[in-house]
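Step one of this worksheet: look at the structure below.
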Amino acid sequence: MKPKTKPVVVVAGLGDTGALIATRLSRTCSVIGISTRPALMSGQELGNRLTQPDDWRKTYLVPYRRFRKLDPAEVVHGRIASVDLDAKSVTIESADGAKRAQRYDYLVIATGASNGFWRNDRIEDLATVETDLVAVNAEIGAASTIAVIGGGATGISVADNLARAGSADVHLFHSGSQPLPGYHPKVRSWIGSVLSSDGVTIHPDHRAIEPEGFTRDRLTHEPVEWSTGQAAFAADVTIWAVGGVRPHSAFLPPSMLDDEGFILVDEHLRLPEHPEVYAVGDVAASDPLRSSARNWGYRVVVANLKAAMAGRSKKLETYSAPDYRWGSILGLQRDGLTVVQPNGKRFRIPHWIAKPLLLNVFVERILYGGLRGR
């Protein structure tokens, strides 16, 4: 009897979300994962990355060879150059410049987005990644005054962690009256008091003028000027975390994208005109906050793919997002991990529980499915 052919699933992007999807499909499907780096390099916890780089690497920079559940999959170091949705084929450009056509039965797009020096879609090897990490940390470590531009979760995390580290005078500038847009009002009020108590000097109602031609992919050192009329501010280093997210979706036709370039999806995280194609994470226009990466969107994709493969397309799961953002904002600290909830409440996981159980057991063993030693 002829063995049954496994469905081919191409997963474009192996960041936090794409890797979780690939690991859960690798044994039942023929999975081809495409990544611009040979490792999962998370865009999460930038504050910890800049102040505790060794600890950050252990959880957020993980070579794919360590993922046991990716053993059956093919991991390609490169990116999607183009896609033919009608022919169900993608063109993959490998890191060495070679191109190949790859047919798929299902395509999952989790290519993410760029919004700063820490999140981009450059094709890099691990040596380049390490060189950049060391260079950025050295540049920040040598500064006595640091300006952080942007009041979102990344800007808050960076400013607070740098202030806690105590090696520089940290100033946070944001354009509104309160930081953390998209979070519950109680959380926005609470974080202001935390920042102040941790030594951050907060400057509300400041809208920065970005240098001409600047793409936010580097630190700057020139004085920052403001369209809101305040005097220019000079710092040794300025970190830009102002949003302006650029989705990695240029390989798709414009009809599949919204006005900002994010991928249009239905309530099942599928492209409406191509139900065999899914988009999830920061690249997907899943909800006003584009929050499917944080709200278990990978589970919806995996469940719906399995249902479609089993011929149960009428019983698909629906993605829904809370009204407000939630999760860890400051990362793991000496006093534990504080998690804010959509309803504005928060809870703290003590450090002695968070590190061994949350990071080592839950993330490595349960979420990632087991990692090999370094």
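Quick check on the stretch 53-77: of everything there that is under 13 Å from Val11 (Cβ atoms) and part of a strand (DSSP E or B), which residue is farthest from the chain's Cα centre (by Cα)?
This residue is Glu74.
Among Ala127, Ala87, Ala143, Ala138, which is the only one that is more than 25 Å from Leu25 (Cβ to Cβ), assigned to a loop (DSSP other than H, G, I, E, B) and out of contact with any helix residue (DSSP H, G or I) (no Cβ under 6 Å at 6 or more places or on another chain)? Steps first, answer last, please.
Numbers: Ala127 fails: assigned to a loop (DSSP other than H, G, I, E, B); Ala87 fails: more than 25 Å from Leu25 (Cβ to Cβ); Ala138 fails: assigned to a loop (DSSP other than H, G, I, E, B).
Sole residue among the options that is more than 25 Å from Leu25 (Cβ to Cβ), assigned to a loop (DSSP other than H, G, I, E, B) and out of contact with any helix residue (DSSP H, G or I) (no Cβ under 6 Å at 6 or more places or on another chain): Ala143.
Looking at this structure, is Asn304 closer than 22 Å to Leu14 by Cα, surrounded by 14 or more Cβ atoms within 10 Å (Cβ to Cβ) and at pLDDT below 95?
Working: closer than 22 Å to Leu14 by Cα: yes; surrounded by 14 or more Cβ atoms within 10 Å (Cβ to Cβ): yes; at pLDDT below 95: no.
Considered against the rule, which asks whether it is closer than 22 Å to Leu14 by Cα, surrounded by 14 or more Cβ atoms within 10 Å (Cβ to Cβ) and at pLDDT below 95, Asn304 comes out as no.
Could you tell me whether Ala95 is aliphatic (A, V, I, L, M) and under 29 Å from Val200 (Cβ atoms)? Spell out the reasoning first.
Numbers: aliphatic (A, V, I, L, M): yes; under 29 Å from Val200 (Cβ atoms): no.
In short, no.
Quick check: anything in the stretch 32-49 in the same structural domain as Ala110 (by TED's automatic domain parsing), within 25 Å of Val158 (Cα to Cα) and surrounded by fewer than 20 Cβ atoms within 10 Å (Cβ to Cβ)?
For the stretch 32-49, residues in the same structural domain as Ala110 (by TED's automatic domain parsing), within 25 Å of Val158 (Cα to Cα) and surrounded by fewer than 20 Cβ atoms within 10 Å (Cβ to Cβ): present.
Exactly one of (1) surrounded by fewer than 16 Cβ atoms within 10 Å (Cβ to Cβ); (2) free of Cβ contacts under 8 Å to residues at least 40 places away in the same chain is unmet by Asn343. Its number?
In the conditions (1) surrounded by fewer than 16 Cβ atoms within 10 Å (Cβ to Cβ); (2) free of Cβ contacts under 8 Å to residues at least 40 places away in the same chain, Asn343 misses (2) alone.
Report, by residue number, each residue of the stretch 148-175 that is surrounded by fewer than 24 Cβ atoms within 10 Å (Cβ to Cβ) and either part of a helix (DSSP H, G or I) or over 24 Å from the mean Cα position of the chain (by Cα) (or both).
So the first thing to find is which residues in the stretch 148-175 are surrounded by fewer than 24 Cβ atoms within 10 Å (Cβ to Cβ), and the list is 152, 161, 164-169, 171, 175.
Residues satisfying the conditions are Asn161, Arg164, Ala165, Gly166, Ser167, Ala168, Asp169, His171.
Among Val363, Val339, Val277, Val300, which is touching a Ser or Thr at 6+ places or on another chain (Cβ under 9 Å) and in a strand (DSSP E or B)?
Result of the check over Val363, Val339, Val277, Val300: Val339.
If you scan the stretch 235-269, which residues turn out to be under 20 Å from the mean Cα position of the chain (by Cα) and part of a strand (DSSP E or B)?
Of everything in the stretch 235-269, those that are under 20 Å from the mean Cα position of the chain (by Cα) and part of a strand (DSSP E or B) turn out to be Ile239, Trp240, Arg246, Pro247, Leu257, Ile263, Leu264.
Could you give me the residue pairs with C-beta distances under 6 Å whose first residue belongs to the stretch 77-92 and is closer than 14 Å to Asp105 by Cα, whose second residue is in a loop (DSSP other than H, G, I, E, B) and at pLDDT 95 or above wherever it lies, and which are 6+ apart or on separate chains?
Val83/Phe251; Lys88/Tyr104
Would you please name the residue that is farthest from Ala113 (Cα to Cα), looking only at residues in the stretch 79-91 that are under 22 Å from the mean Cα position of the chain (by Cα) and hydrophobic (A, V, I, L, M, F, W, C)?
Residues of the stretch 79-91 under 22 Å from the mean Cα position of the chain (by Cα): 79-81.
Then drop every residue that is not hydrophobic (A, V, I, L, M, F, W, C), which leaves 80-81.
Details: Ile80: 14, Ala81: 16 Å.
Among those that are under 22 Å from the mean Cα position of the chain (by Cα) and hydrophobic (A, V, I, L, M, F, W, C), it is Ala81.
Of the conditions (1) closer than 30 Å to Leu195 by Cα; (2) in a loop (DSSP other than H, G, I, E, B), Lys355 clears all except one; give me its number.
(2)
Look through the stretch 176-214, keep the residues that are in a helix (DSSP H, G or I) and of a type in the set (Lys, Arg), and return whichever of them is surrounded by the most Cβ atoms within 10 Å (Cβ to Cβ).
If we take residues in the stretch 176-214 being in a helix (DSSP H, G or I) and of a type in the set (Lys, Arg), then Arg188 is surrounded by the most Cβ atoms within 10 Å (Cβ to Cβ).
Return a yes/no flag: does the stretch 91-107 have any residue that is among the hydroxyl-bearing types (Ser, Thr, Tyr) and closer than 24 Å to Val245 by Cα.
Among the residues of the stretch 91-107, not one is among the hydroxyl-bearing types (Ser, Thr, Tyr) and closer than 24 Å to Val245 by Cα, which makes the answer no.
Check Ala284 against each of (1) assigned by TED's automatic domain parsing to the domain that holds Ala12; (2) in contact with a Lys or Arg (Cβ under 7 Å, 6 or more places away or on another chain); (3) farther than 27 Å from Pro254 by Cβ and name the one condition it does not meet.
(3)
Scan the stretch 100-133 residue by residue and report those that are farther than 15 Å from Thr36 by Cβ and at pLDDT 90 or above.
Hits for the stretch 100-133 are Arg100, Ala101, Gln102, Arg103, Tyr104, Asp105, Tyr106, Leu107, Val108, Glu130, Thr131, Leu133.
Could you tell me which numbered condition Asn295 fails, if it satisfies all but one of (1) over 22 Å from Arg312 (Cβ atoms); (2) touching a His at 6+ places or on another chain (Cβ under 9 Å); (3) not charged (D, E, K, R)?
Answer for Asn295: the failing condition is (2).
The values are calculated or read from the model by the stated rules, or taken from the named source; none is laboratory data. Model, not experiment: these values are computed from the prediction. Note that we place each Cβ from the backbone using ideal geometry, even for glycine, and neighbour counts take in every protein chain shown.
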